[in-house]
Amino acid sequence: MRIVHKLLIAFAISIISVIVVGVWSLSVYKSSITSFDYITTNSLPRIKQLQITIDFREKARREIYLYLLSHDDALMSQHKHDALDAMNQSIATLKKYRNARVSDNKDKQMSDKNLAIMASYMQVLNDLFTANESVGQAAAVSMLKSGGDMAKMSDELTRGLNQQIQYNYQHAEAFSVANHEKFNTTIIMLAVFIVLSVAVSTILSFFVLRYIAVSLRSFSDKISTISHELDLTQSVTVRRRDEIGLAALSFNALVEKMAQVLSQVKSSSRLVDTAAHEIAASNDDLSSRTEAQAASLEETAASMNQLSATVQSNVETTRNADQLMHQVHKLVHNTSNELGGLKETIDDIAVSSAKISEITAIIEGIAFQTNILALNAAVEAARAGEHGKGFAVVAGEVRTLSQRSSGAARDIKVLIDAALQKVTLGVKYTQQVADKMTEATSAVSETKDLINQVSHSSTEQSHGISQVNIAVNQMEGVLQQNAAMVEQMAAAANSLRGQAGELLADVDVFVVSEQVPSARLIALA
């Protein structure tokens, strides 16, 4: 049964008790009013009417005495008439009382008796008037004296009327006493009933409130235990289906939901802690790899800077060689035009040939160094992988040009050596020298073209190396950014791991049953 129903029953009993007490009180009040009305509307009017009867009879007695004391016939006649009239009114009043006002049979019998006495009294009164008129006043007075007929009837009538009025007084008093006793009894019973009603209401209220207090105390103790121990495996025992029982069921459902949520939070915290640990390990590995890549890029950048410097040096060298070849070409051209004065200029030719031999040696050395640099560039391009393919092609072209330059330099050296040998032969070989000089002019032109090509290739190579160097620097910047991001990720992973540990520690204060993680958590794992 619900608590509200129990309270309604207790309130209903209290209200019914109040209503019963109120109705009974109204009934008692109405009964008292009825009794009071009976006295005021019945007893008092009867007594009053009997008193009127006595008053008329007393008036008749006074008129009789005045009749006997008067000597005037007119007065005597008036007093006689008044006496008879008073007695007739007294008789009429008593008859009216007897027909409508008697309280009971005894009162009725007393009225009949007094009416009979009044009838005899009227007869004796008439005899008194007759005696006074016929015999004399003395005869009439003798009837009024003690022992006379009139005195006896008067005493008997007075006694009868007094007894009847006394009887009505006693009847009214008895009714009043009974009414008071009934009222007192009713008051006592009403007080007892009120006490019983209050006692019943108090007992019902006590048991209902005790039931509520005990239930709430048990409920509160269990909640205090759960909140103090944080043991969500406990639950409130439900023995009733009232409001407290329903509240206990709702609280148990809430605790169960909280336990499920905390179990899921525990599982999630463990998964987050494991994931944070793995992320931290991966970040450490990635950080080490990034550092290794950064070191490799630094070495590559240094090599590229060296290669760029070498290529710049080659460019300058080829420019110098071009200038020298221009001079050689001019010299050969002048030599060809001045074959006639070969003898005079043979020494100069020898000196120039020596210089040309030195220059060709330099060119051969430059070509050899260019070949070596091209080999190194090809190796670095191979190390660069996909990004170094273009650079490898350029390095191959540079190597080819350097080999050709080396060959041309050797050819020039051979020609110069031959020219030196033939210079000693003199004029005999002038024509041959002219022819050879023509060939030398062509060779010098070709060599000049080759040197121009080498210079152009070296310029392009320098530009390509600059681009590669820029790309390497950009890669180095990206790697540094990646390293910074890896450090930030590592810090975030460590922070996440710490927060997951704190969350797990906070959740571990709750005691929950171990449950299998939900499908959502498994999917996240």
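The values are calculated or read from the model by the stated rules, or taken from the named source; none is laboratory data. Remember, it's a predicted structure, so these values are computed and weren't measured experimentally. Positions of Cβ are generated from backbone atoms using ideal geometry, with glycine treated the same way; all protein chains shown enter the neighbour counts.
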message: Test of understanding: among R62, R57, R46, which residue is touching a Ser or Thr at 6+ places or on another chain (Cβ under 8 Å) and modelled with pLDDT of 90 or more?
response: R57
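Is it true that some residue in the stretch 62-71 is more than 21 Å from V124 (Cβ to Cβ) and not aromatic (F, W, Y)?
From the stretch 62-71, those more than 21 Å from V124 (Cβ to Cβ) are 71; that's our starting set.
If we keep only those that are not aromatic (F, W, Y) as well, we get 71.
Yes, that holds for at least one residue.
Residue-wise test of (1) on the phi > 0 side of the Ramachandran plot; (2) in a helix (DSSP H, G or I); (3) at pLDDT below 75.
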residue	(1), (2), (3)
V472	no, yes, yes
Q481	no, yes, no
E487	no, yes, no
L496	no, yes, no
A505	no, yes, no
P517	no, no, yes
R520	no, yes, yes
A523	no, yes, yes
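What residue, of F251, F219, is closer than 23 Å to I9 by Cβ, out of contact with any Gly (no Cβ under 8 Å at 6 or more places or on another chain) and either not charged (D, E, K, R) or not assigned by TED's automatic domain parsing to the domain that holds V507 (or both)? It would help to see each step written out before you state the result.
Details: F251 fails: closer than 23 Å to I9 by Cβ.
Among F251, F219, only F219 is closer than 23 Å to I9 by Cβ, out of contact with any Gly (no Cβ under 8 Å at 6 or more places or on another chain) and either not charged (D, E, K, R) or not assigned by TED's automatic domain parsing to the domain that holds V507 (or both).
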- request: Return the residue satisfying two criteria in turn: it lies in the stretch 86-102 and is among the small types (G, A, S) and surrounded by fewer than 20 Cβ atoms within 10 Å (Cβ to Cβ), and of such residues it is farthest from A172 (Cα to Cα).
  value: A92
- prompt: Tally time: how many residues in the stretch 66-88 are hydroxyl-bearing (S, T, Y) and either free of Cβ contacts under 8 Å to residues at least 40 places away in the same chain or outside the structural domain of L125 (by TED's automatic domain parsing) (or both)?
  reply: 2
task: Among the residues of the stretch 219-262, count how many are closer than 16 Å to I3 by Cα and in a helix (DSSP H, G or I).
output: 8
Conditions (1) in a helix (DSSP H, G or I); (2) at pLDDT below 90; number of the one not met by H81: (2)
query: Just one of M122, M189 is assigned by TED's automatic domain parsing to the domain that holds S70, modelled with pLDDT of 90 or more, of a type outside the set (D, E, K, R) and surrounded by 12 or more Cβ atoms within 10 Å (Cβ to Cβ); which is it?
result: M122
field: Leading residue by the ranking (surrounded by the fewest Cβ atoms within 10 Å (Cβ to Cβ)) among those in the stretch 349-377 that are free of Cβ contacts under 8 Å to residues at least 60 places away in the same chain and within 14 Å of S457 (Cβ to Cβ)
entry: N371
field: Residue check for L196: among the aliphatic types (A, V, I, L, M) and surrounded by 15 or more Cβ atoms within 10 Å (Cβ to Cβ)
entry: no
- line: The correct count of residues that are part of a helix (DSSP H, G or I) and either surrounded by fewer than 18 Cβ atoms within 10 Å (Cβ to Cβ) or of a type in the set (S, T, Y) (or both) in the stretch 139-148 is 4
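Condition check ((1) closer than 30 Å to S27 by Cβ; (2) among the small types (G, A, S); (3) outside the structural domain of F11 (by TED's automatic domain parsing)) across all residues:
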| site | (1), (2), (3) |
| --- | --- |
| N179 | yes, no, no |
| S197 | yes, yes, no |
| S205 | yes, yes, no |
| G245 | no, yes, yes |
query: Across the stretch 233-260, which residue is modelled with the lowest pLDDT among those that are surrounded by 14 or more Cβ atoms within 10 Å (Cβ to Cβ) and β-branched (V, I, T)?
result: V238
